[in-house]
Ligand SMILES: C[S@@+](CC[C@H](N)C(=O)[O-])C[C@H]1O[C@@H](n2cnc3c(N)ncnc32)[C@H](O)[C@@H]1O
């Protein structure tokens with residue numbers, strides 16, 4: 001399927017939603033930047049009951065044909081009943097626009113993958129935080145990307161203003177076109193998500209972890225968790 005998110009990142013996202021379901025955390029999945037549905041459809045498969053997948057995109061890049069492609073993919077991969085697709089600019093959305101589409105639940109997994117400018121990321125992060133279930137997860141695409149070096153600075157500034165949010169996991173890149181994601185939760189859920197993802201991905205843990213200056217390091221999951229080998233110096 002056309003798209004940018006990696007297969008590995010999609011499998012970590014799906015695993016996180018299954019972990020939530022097992023723990024009784026329910027809610028919708030939302031995405032800004034649905035494109036042709038590569039990540040959207042994968043995560044939609046992890047929804048249960050009356051949970052919905054809510055996708056936003058301007059559908060103007062590379063041409064409006066991308067909306068038709070998304071609609072075809074939603075049918076092809078069997079998630080028609082649970083999908084709600086809206087053509088919209090995330091800069092013009094308010095929290096209630098999202099929550100009123102499928103009332104009764106907040107968002108348990110929010111993927112932010114729209115326009116990669118500092119202004120859009122600040123806006124989209126704020127929106128995601130406003131609609132997030134207390135035990136939910138925000139996933140940010142294209143962090144640490146060579147093409148967007150200022151985006152993590154925006155995230156750090158945002159987290160200073162929202163100290164109860166923490167990055168609990170970095171999902172390492174698969175390719176320059178399938179980049180690193182940050183996963184963020186509220187502080188009381190930090191240990192829970194790390195422990196559950198360690199159990200789910202025992203062969204993908206990069207042993208040094210990520211130092212966000214918390215008392216404990218965040219988890220780093222990598223498709224190939226390598227460290228340089230210095231055995232000859234021992
Ligand atoms: C990198 S692509 C998303 C890739 C997709 N999530 C995937 O996994 O394949 C970014 C998308 O964000 C959309 N976008 C850009 N600016 C936007 C905005 N202001 N509001 C909503 N979507 C936007 C673009 O149209 C594009 O489809």
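The values are calculated or read from the model by the stated rules, or taken from the named source; none is laboratory data. Not measured: the values here are computed from a predicted model. Neighbour counts run over all protein chains shown; Cβ positions are idealised from the backbone, glycine included.
If residue 107 satisfies all but one of (1) closer than 30 Å to residue 153 by Cα; (2) within 15 Å of the ligand (Cβ to nearest atom); (3) buried (at least 21 other Cβ atoms within 10 Å of the Cβ), what's the number of the condition it fails?
If we test residue 107 against (1) closer than 30 Å to residue 153 by Cα; (2) within 15 Å of the ligand (Cβ to nearest atom); (3) buried (at least 21 other Cβ atoms within 10 Å of the Cβ), just (2) comes out false.
Out of the residues in segment 36-53 meeting the condition of being crowded, with 24+ Cβ neighbours inside 10 Å and not in a helix (DSSP H, G or I), tell me which one is nearest to the ligand (Cβ to nearest atom).
This residue is 37.
Spot the failing condition for residue 86; the list is (1) within 28 Å of residue 19 (Cβ to Cβ); (2) surrounded by 15 or more Cβ atoms within 10 Å (Cβ to Cβ); (3) touching a strand residue (DSSP E or B) at 6+ places or on another chain (Cβ under 7 Å), and only one is missed.
(2)
Look at segment 89-106 and say how many of its residues are free of Cβ contacts under 8 Å to residues at least 40 places away in the same chain, part of a loop (DSSP other than H, G, I, E, B) and more than 16 Å from residue 129 (Cβ to Cβ).
3
Being in contact with a strand residue (DSSP E or B) (Cβ under 9 Å, 6 or more places away or on another chain) and more than 15 Å from the ligand (Cβ to nearest atom) is the filter here; which residues of segment 163-181 pass it?
Answer for segment 163-181, where residues must be in contact with a strand residue (DSSP E or B) (Cβ under 9 Å, 6 or more places away or on another chain) and more than 15 Å from the ligand (Cβ to nearest atom): 164, 165, 166, 167, 168, 169, 170, 172.
Against the definition (within 15 Å of the ligand (Cβ to nearest atom), surrounded by fewer than 22 Cβ atoms within 10 Å (Cβ to Cβ), farther than 28 Å from residue 186 by Cα and modelled with pLDDT of 95 or more), how does residue 69 come out, yes or no? Break it down into steps so the answer makes sense when it comes.
Values: within 15 Å of the ligand (Cβ to nearest atom): yes; surrounded by fewer than 22 Cβ atoms within 10 Å (Cβ to Cβ): yes; farther than 28 Å from residue 186 by Cα: yes; modelled with pLDDT of 95 or more: yes.
Judged against the criteria, residue 69 is a match.
Here is a list of conditions, (1) more than 10 Å from the ligand (Cβ to nearest atom); (2) surrounded by 23 or more Cβ atoms within 10 Å (Cβ to Cβ), and residue 21 meets all of them except one; can you say which number that is?
(2)
Looking at 83, 26, 11, which one is free of Cβ contacts under 8 Å to residues at least 60 places away in the same chain, within 24 Å of residue 192 (Cα to Cα) and away from the ligand (no atom under 12 Å from the Cβ)? Can you show your working first?
Working: 83 fails: within 24 Å of residue 192 (Cα to Cα); 26 fails: free of Cβ contacts under 8 Å to residues at least 60 places away in the same chain.
Answer to the check: 11.
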